[in-house]
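First up is the structure itself, then whatever we jot down about it.
The values are calculated or read from the model by the stated rules, or taken from the named source; none is laboratory data. Predicted model, so just to flag it, every value in this text is computed and none were measured. Cβ coordinates were reconstructed from backbone atoms using ideal geometry, including for glycine residues, and neighbour counts include every protein chain displayed. The area values use the complete protein model at the heavy-atom level, side chains included, leaving out ligands, DNA and RNA. Shrake-Rupley method; radii C 1.70, N 1.55, O 1.52, S 1.80 Å.
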Number of protein chains: 2
Amino acid sequence: MTWLTVDRSQKAPLIRQIYKQLRTKILNGELSAGYRLPSTRQLAEELEVSRNVVLEAYDQLLAEGFLEGRLGAGTFVAEGAYLKKTESNTSYMLEGSFSKDNNTIIDFRSGIPALDLFPRKQWGQLAKRVSIETDHSLFGYDSPEGRIELRTVLSDYLLRTRGVECHPEQLVITTGATQALTLIAKLLISANDKVIIEDPITHEIQTIFQSYGATLLPIRVDKNGMVISQIPYGIKPAFIFVTPSHQFPIGGTLPIQRRIQLIEYARKVDSYIVEDDYDSEFRYEGPSISSLQGLDPNRTIYIGTFSKILSPALRLGYLILPPELVERGRTLKYFSDLHTPSLEQLTLALFIKEGHLEKHIFRMKKIYRKRRDFLKEQLFNEFGDTVKIHGDSTGLHLVAELDGVHFTDNLLSKLHDHGIKVYPVELHTINEGFYSNYIILGFGNLDEVKIAEGVTKFNRILLK
Amino acid sequence: MTWLTVDRSQKAPLIRQIYKQLRTKILNGELSAGYRLPSTRQLAEELEVSRNVVLEAYDQLLAEGFLEGRLGAGTFVAEGAYLKKTESNTSYMLEGSFSKDNNTIIDFRSGIPALDLFPRKQWGQLAKRVSIETDHSLFGYDSPEGRIELRTVLSDYLLRTRGVECHPEQLVITTGATQALTLIAKLLISANDKVIIEDPITHEIQTIFQSYGATLLPIRVDKNGMVISQIPYGIKPAFIFVTPSHQFPIGGTLPIQRRIQLIEYARKVDSYIVEDDYDSEFRYEGPSISSLQGLDPNRTIYIGTFSKILSPALRLGYLILPPELVERGRTLKYFSDLHTPSLEQLTLALFIKEGHLEKHIFRMKKIYRKRRDFLKEQLFNEFGDTVKIHGDSTGLHLVAELDGVHFTDNLLSKLHDHGIKVYPVELHTINEGFYSNYIILGFGNLDEVKIAEGVTKFNRILLK
């Protein structure tokens, strides 16, 4: 039996080494059906290993059906354990398609909070407390709509801070806002349905709705958000999708008159309104704006997220559904991922209940306001009259309109090559060509040093 | 102005009280467009509050468009801020549809690990460490395929313990195995495709595949899992779905001959195999069985989960994809929920890396084996010759076949009324009627006291 070897310098246990060699030889046909293996005693002596080692290797092969033992006759290779080889390409190395930018790049990506200011100590301590102190039923399967502790504090918080009217039973905790969008699409879109949507609007949202068969009916936005008067009658859309607190990306806030027009339209055509409220906690001009949902809770589906006020890494968002949609919403959530991870939900519930969230928002709002003011100052310093700024009253980004610049793919990759990443509004348009000189500048995760360097470099490259 | 009141005993701040009353009166038409509000000074005096309070309430209403200020002329109710009321039904209370059973019920639900033995202290300490010590980039958006730290330790672990061959780049971390199933459905099923599947098989899995348009082609199982020879030729299924390590629910382990037959079939019709490996870490008879995936990694999609070896509350599972499917798999994951929560992924990576997982499995296997042995003993004590036990070599459940019993809905609810919850195999069949006297008994989360009490009661009620 020179065809079996053991190597004591290898990490793999001896049993595994013997098992693997025999298994391979049976699979590839070197040892064919009916071949009689040496006795365990004999093989153990040849390989200078303990007999138990060989016994265990044989046992595993017997259990898996590679071998069969005939009483008193020994151990044989079983029938049907030969597998023809095919060309293998598992050694083919895949490129990470979503590869990380290295740290030298100044990235004006929108919607990223200040990652270095996440309240990591408080969060970590609460996470530990939840894991150690909660009743052990926490570790079982949970309800698709999410933990009642979180839904209760959240509905209080939303009423207090956002004028959202909801009973905890109307809330479905989701694995981030993206999942909330997917659930809405599943809930409301049938093939060939129309969805009325702001234009421009987050590209990913367009993709999600289209992937469920919707035809998008774009309505243009101005500095006050969606121009409601442009919505055509004579159709019944699956829903109307709006970002009324802070239009993405242009940044307008929908005034009460348009809100009422929108609700009246939705009532007339008997359609739902989907309100995506992604960053309105950070409002710098005047007091915070109440939700659209509060005006007609039976017709409005509200999407919220903790990605901007805490961290996108948590993947915690939520849906508020009109009572008639709750049951189906929960079922769809169940078949998506059963429920969102429970320990994080409970950690967040404590974080809100103990007042940390509101303190954190209060603190971050001051920091983001400073960053926003500084970014505006830098833009005016560099670009003077040739820049107009839009949508800076709220949130973690603003839009800069630059006279005579066209953000072509060429220009964008030139900027990228020089270490500046900016995001054109045209990336998010449905009807193209109206925003070719508009750029989205996120400032949440950039300190003043990076903002200053970024804007200066940006201008220098544009001038080249 | 007797129509505005403030109540200092209320929790709501005075600003909010004034704001809300004015807003309501404007929305419902009590105060109509053009109405001139009292000056802030005047209203402050009437209500006996500070002028700033009134100023802030007015400011908010101005910002939201309910009011407009005309220079030197005062503050007026704006046009278009009146919203007609509709019948409201938000006060309608929803019943929790997935209500919890109370604690007095003995629940033989399968697939629930011992919740009181979750390693909560280690997990809590690691979660805290991850939150406090990791680089702050952790708190940003992450890659859809999951953290490389987790994918690396997981691919080592899977090769070592399960004979799974995968490069970390082939892994996609999912929000539980249910999401993995959904992603596979999206990846491989087109409307009217056929899916070859074991019968019986988890009911939820059937629902998921059907909801993506698949027609299920059931193949019966015996004590060795799917009877591969029964698969018809002449069709090209989207994939063949199997639970080869521990068929759910019947419990067979697919022998090597059938595995090879299955792979040869899949090669001939050029189809994928989906291997769901949900609890094979707990193998009580003989050594653990290698994965099917290891035999043909280019043709097999492997689904794994941490729900049984750790806790379902974590919602951590994974997919191993052949290289050609990786790119699309990541994209579909991205549009489902961007990625699975990062902090938990990193906590799990540490948990595996520091050896806690394998220690935990080792410890739990001994406990589950004792529970299984005890359950079998109790069943034989109570039912004697009239019970046959199936599929008890692995995992957290076994199947009991009871002579002359039919688990009708009536009988099941009678059992439930007496505090015993059992799950009939018929719940999971596609072709009905072959398993009416088979019952699934999960034992992972039941201690010996509960098992003894449960089996005794079970028999007593059957005899009634």
To the nearest Å, what is the center-to-center distance of the stretch B:417-444 and the stretch A:385-464, using C-alpha atoms only? 61
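Rounded to the nearest 0.05, what FRET efficiency do B:LYS121 and B:SER50 have when you use their Cβ-Cβ distance and R0 = 30 Å? Spell out each step's value before the answer.
Numbers: r = 52 Å, r/R0 = 1.74.
Result of the calculation: an efficiency of 0.05.
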Would you kindly work out, in nm and rounded to one decimal, the distances from the label point of A:SER413 to those of the same position in each other copy, ordered shortest first, with label points 7 Å along Cα-to-Cβ? 6.6
Which GluC sites (Glu not before Pro) does the stretch A:298-388 hold that lie in a coil by DSSP with at most 14 other beta carbons within 10 Å? A:GLU354
For A:LYS186, which aspartates and glutamates qualify as cross-link partners when the Cα separation must be under 17 Å and same-chain residues fewer than eight apart are set aside? A:GLU145, A:GLU204, A:GLU275, A:ASP276, A:GLU324, A:GLU327, A:ASP337, B:ASP337
Against the 2.2 N^0.38 Å scaling, with N counting residues, where does the stretch B:210-339 land? I'd like the Cα-based Rg ratio to two decimal places. 1.09
Kindly flag which residue pairs out of A:LYS421/A:LYS450; A:LYS236/B:LYS84; A:LYS223/A:LYS366; A:LYS20/B:LYS365 have an alpha-carbon separation exceeding 19 Å in this structure. A:LYS236/B:LYS84; A:LYS223/A:LYS366; A:LYS20/B:LYS365
Once every Cα of the stretch A:14-77 carries one equal point scatterer and solvent is ignored, give the base-10 log of I(q)/I(0) from the Debye formula at q = 0.14, 0.20, 0.23 Å⁻¹, two decimals. -0.34, -0.73, -0.97
State to the nearest 20 debye the size of the charge dipole of the stretch A:119-355 about its Cα centre, where the only charges are +1 on K and R beta carbons and -1 on D and E beta carbons. 220
Distance in nm between label sites at B:PHE380 and A:LEU159, each 7 Å beyond Cα in the beta-carbon direction? 6.0
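What is the interface area between chains B and A, defined as buried accessible area summed over both chains with a 1.4 Å probe, reported in Å² to the nearest 100? Can you show the working numbers first?
Working: alone 23300 and 23300 Å², together 37690 Å².
Chains B and A together bury approximately 8900 Å².
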Translational diffusion coefficient, Stokes-Einstein: compute it for the stretch A:273-407 using the Kirkwood radius over C-alpha pairs as Rh, at 20 °C and 1.002 mPa s, and state it as an integer in µm² s⁻¹. 121
Low-density loop positions, GluC sites (Glu not before Pro), the stretch A:219-306 - DSSP coil, at most 11 other Cβ in 10 Å: A:GLU285
Rounded to the nearest whole Å³, what is the per residue volume of the convex hull around the Cα atoms of the stretch B:248-323? 107
For the protein assembly as shown the translational diffusion coefficient, Stokes-Einstein from a Kirkwood Rh over Cα pairs at 37 °C and viscosity 0.692 mPa s, in µm²/s, is roughly 107
Subtracting the Cα-Cα distance from 0.36 nm times the residue separation, let me have the gained length for A:THR215 to A:GLU324 in nm, one decimal. 36.8 nm
At a 1.4 Å probe radius, carbon and sulfur cover how many percent of the accessible area of the stretch A:119-355? 51
Check: chain B dipole with +1 on Lys, Arg Cβ and -1 on Asp, Glu Cβ, in debye: 540
Using r as the Cβ-Cβ distance of A:LYS457 and A:ILE430, and R0 as 45 Å, what FRET efficiency do you calculate, to the nearest 0.05? 0.90
Rounded FRET efficiency, nearest 0.05, which uses the C-beta distance separating B:ARG36 from B:GLN10 and R0 of 30 Å: 0.60
Calculated Rg and Dmax of the stretch A:157-217 using C-alpha coordinates, Å: 13.8, 39
If exposed means no more than 10 neighbouring beta carbons inside 10 Å and the site is in a DSSP loop, what's the longest run of chain A without any exposed chymotrypsin sites (Phe, Trp or Tyr not before Pro)? A:234-464
Hypothetical label at A:PHE76: residues of the stretch A:29-47 whose amide nitrogen lies under 19 Å (7 Å Cα-Cβ projection): A:29-40
At a 1.4 Å probe radius, which order do B:ARG109, A:ARG283 fall into by accessible area, largest first? B:ARG109, A:ARG283
Evaluated at 4 °C with a viscosity of 1.567 mPa s, what Stokes-Einstein diffusion coefficient in µm²/s does the stretch A:119-355 have when Rh comes from the Kirkwood expression over alpha-carbon pairs? 71
Taking every residue in A:311-321, how many Cβ atoms of other protein chains lie within 10 Å of its Cβ, on average? 5
Can you give the relative contact order of chain B as a percent, counting alpha carbon pairs under 8 Å and 6+ residues apart? 18
Nm distances between the label at B:PRO13 and the same-position labels in the remaining copies, 7 Å along Cα→Cβ, shortest first? 6.5
Mind jotting down the distance between the C-alpha centroids of the stretch B:163-215 and the stretch A:19-83, whole Å? 35
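Find the Rg to Rh ratio for the stretch B:301-349, where Rh is the Kirkwood radius over alpha-carbon pairs and Rg uses the same atoms.
On the way: Rg = 11.8 Å, Rh = 11.9 Å.
Rounded to two decimals, Rg over Rh is 0.99.
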Against the globular-protein guess of 2.2 N^0.38 Å, express the Cα radius of gyration of the stretch A:113-230 as a ratio, rounded to two decimals. 1.41
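Scaled to the compact-protein estimate 2.2 N^0.38 Å, what is the alpha-carbon radius of gyration of chain A, rounded to two decimal places?
On the way: Rg = 30.2 Å, N = 464, 2.2 N^0.38 = 22.7 Å.
Chain A yields a ratio of 1.33.
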Report, in debye and to the nearest 20, how large the dipole of the stretch A:118-180 comes out about its Cα centre when Lys and Arg carry +1 and Asp and Glu carry -1 on their Cβ. 440
Angle in degrees between helix B:14-27 and the longest Cα principal axis of chain B, rounded to the nearest 10: 90
Keeping all protein chains in position, work out how much accessible area A:GLU48 exposes to a 1.4 Å probe, and write it in Å² to the nearest 10. 140
Degrees, to the nearest 10: A:356-383 long Cα axis against longest axis of chain A: 70
Among the residues of the stretch A:225-269, which ones have their accessible area go down by 50 Å² or more when all the protein chains sit together, as opposed to their chain alone (1.4 Å probe)? A:ILE256, A:GLN257, A:ILE260, A:ARG267
per DSSP, antiparallel bridges as share of beta bridges in chain B, % nearest 5, sits at 60
How tilted is helix A:342-353 with respect to the longest principal axis of chain A? Cα atoms for both, answer in degrees (0 to 90, nearest 10). 30
